[in-house]
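Undergrad: One structure, pasted below without further comment.
The values are calculated or read from the model by the stated rules, or taken from the named source; none is laboratory data. This structure is a prediction, so every number in the text was calculated from the model and none was measured. Here Cβ is always computed from backbone atoms with ideal geometry, including for glycine, and neighbour counts include all displayed protein chains.
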Amino acid sequence: MKKIHHSAIISPTAELADDVVIGPYVVVEDDVVIGRGTEIHGHVAIKRYTILGENNRIHHGAVLGDLPQDLHFDGRRSYLRIGDGNTFREYVTLHRATVENGATIVGDGNYFMVTSHAGHDCVIGNRNIITNCALIAGHTMIEDNVVISGAVVIHQFSRIGRLAMLSGLTAVNRDIPPFVIAGGRPAAATNLNLVGLRRAGITQRARTRLKEAFKIFYVSGLNAKQALANIEEMDVTPEIRHFVDFIKASKRGVCRYADWAEERGADF
């Protein structure tokens, strides 16, 4: 049975699952869909053309699906599509797409911390952690199991690879390859995300191959084309293939190596 606070304003065209819980002073606009098991706390705004899956938790003051912050946006129909099991903490903001019938997309199991933001046309995968005050500009693509630390800023059209980790206060202006830790302004690669790789169940053999690939690409002194050719001559695990393919597909170029990383004990 739905539990809707008497002060909430719910559009008659919104589709709410039978067990949705909605707190005080929530606004749910036209053409919204909210899936089973979802809880929405006080003072949240779910804007038009937002589609929420199941078992999402939306905390006080969050705004989901508002108009994109794009001076050329003309009000066309576009969407924010959110999967299952996500948490949006206080005052998180996500905007719908700029492209007609396009969508800003958020997958499953993501955790958006206080005042984090994802802009229009982003595609965010699964099980990512977006920490307080992180700002993800429009058209950014984030794969799975990424950790974005506090107050990180990500330039529009950037790509962040699977199991990457961005240190606090980092400014991203190029793509971050999968499995890499990056930090600084601008972001530079410092090491592999070895803790994240172990927690994700990546085998010792695969981690060793990734260490070799990281060293060839970032530390050997070879140019990118030469380094990738050398890496592809190795024992190419699925993780190596993803690392190489991600870099080859980069249009912005990938982040450089942090010259100071070895001085601070980078583990190769």
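Undergrad: Cβ-Cβ below 7 Å, separation at least six or inter-chain, first residue in the range 32-46 and without any contact (Cβ under 8 Å) to a residue 40 or more places away in the chain and farther than 22 Å from R77 by Cβ, second surrounded by fewer than 20 Cβ atoms within 10 Å (Cβ to Cβ) and aromatic (F, W, Y): which pairs?
TA: Qualifying pairs under 7 Å: G42/Y25; H43/Y25.
Undergrad: I would also like to ask the following. Scan T38, T50 and give me the residue that is within 25 Å of L135 (Cβ to Cβ), crowded, with 17+ Cβ neighbours inside 10 Å, among the polar types (S, T, N, Q) and in the same structural domain as D121 (by TED's automatic domain parsing). Give the derivation first.
TA: On the way: T38 fails: within 25 Å of L135 (Cβ to Cβ).
Being within 25 Å of L135 (Cβ to Cβ), crowded, with 17+ Cβ neighbours inside 10 Å, among the polar types (S, T, N, Q) and in the same structural domain as D121 (by TED's automatic domain parsing) holds for just one of T38, T50, which is T50.
Undergrad: Further, regarding this structure: Give the range 221-257 a look and list any residue that's in contact with a Lys or Arg (Cβ under 8 Å, 6 or more places away or on another chain) and surrounded by 15 or more Cβ atoms within 10 Å (Cβ to Cβ), or say none.
TA: Listed by number, the residues that qualify are L228, T237, E239, I240, H242, F246, S250, V254, C255.
Undergrad: Go through the residues of the range 180-188 one by one and say whether even a single one is buried (at least 23 other Cβ atoms within 10 Å of the Cβ), modelled with pLDDT of 95 or more, hydrophobic (A, V, I, L, M, F, W, C) and under 28 Å from G65 (Cα atoms).
TA: For the range 180-188, residues buried (at least 23 other Cβ atoms within 10 Å of the Cβ), modelled with pLDDT of 95 or more, hydrophobic (A, V, I, L, M, F, W, C) and under 28 Å from G65 (Cα atoms): absent.
Undergrad: Now for a different question. I'd like the full set of residues that are closer than 22 Å to T104 by Cβ and touching a Gly at 6+ places or on another chain (Cβ under 6 Å), limited to the range 1-39.
TA: A17, G35 - these are the residues of the range 1-39 that are closer than 22 Å to T104 by Cβ and touching a Gly at 6+ places or on another chain (Cβ under 6 Å).
Undergrad: Hey, does the range 199-217 have a residue that's touching a residue at least 60 places away in the same chain (Cβ under 8 Å) and touching a strand residue (DSSP E or B) at 6+ places or on another chain (Cβ under 6 Å)? Can you show your working first?
TA: In the first step, residues of the range 199-217 are kept if they are touching a residue at least 60 places away in the same chain (Cβ under 8 Å); the result is none.
No: the range 199-217 contains no residue that is touching a residue at least 60 places away in the same chain (Cβ under 8 Å) and touching a strand residue (DSSP E or B) at 6+ places or on another chain (Cβ under 6 Å).
Undergrad: If you don't mind, another one. Looking at K225 and the list (1) farther than 26 Å from A134 by Cβ; (2) among the charged types (D, E, K, R); (3) under 19 Å from the mean Cα position of the chain (by Cα), which single condition is not satisfied?
TA: The failed condition is (3).
Residue by residue, here is whether (1) more than 20 Å from V92 (Cβ to Cβ); (2) small (G, A, S); (3) assigned to a strand (DSSP E or B) holds:
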{"site": "S7", "(1), (2), (3)": "yes, yes, no"}
{"site": "D19", "(1), (2), (3)": "yes, no, no"}
{"site": "Y25", "(1), (2), (3)": "no, no, no"}
{"site": "G42", "(1), (2), (3)": "no, yes, no"}
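Undergrad: Please go through the range 47-63 and give me each residue that is among the aliphatic types (A, V, I, L, M) and farther than 14 Å from V20 by Cβ, ordered by number.
TA: Filtering the range 47-63 for residues among the aliphatic types (A, V, I, L, M) gives 51-52, 58, 62-63.
Listed by number, the residues that qualify are A62, V63.
Undergrad: Here is a check on your reading of the model: is Y79 over 13 Å from the mean Cα position of the chain (by Cα), of a type outside the set (G, A, S) and either at pLDDT below 95 or on the phi > 0 side of the Ramachandran plot (or both)? Break it down into steps so the answer makes sense when it comes.
TA: On the way: over 13 Å from the mean Cα position of the chain (by Cα): yes; of a type outside the set (G, A, S): yes; either at pLDDT below 95 or on the phi > 0 side of the Ramachandran plot (or both): no.
The answer is no for Y79.
Undergrad: Can you confirm whether the range 100-114 contains a residue that is in the same structural domain as L64 (by TED's automatic domain parsing), more than 17 Å from Q156 (Cβ to Cβ), in contact with a Phe, Trp or Tyr (Cβ under 6 Å, 6 or more places away or on another chain) and crowded, with 24+ Cβ neighbours inside 10 Å?
TA: Scanning the range 100-114, I find at least one residue that is in the same structural domain as L64 (by TED's automatic domain parsing), more than 17 Å from Q156 (Cβ to Cβ), in contact with a Phe, Trp or Tyr (Cβ under 6 Å, 6 or more places away or on another chain) and crowded, with 24+ Cβ neighbours inside 10 Å, so the answer is yes.
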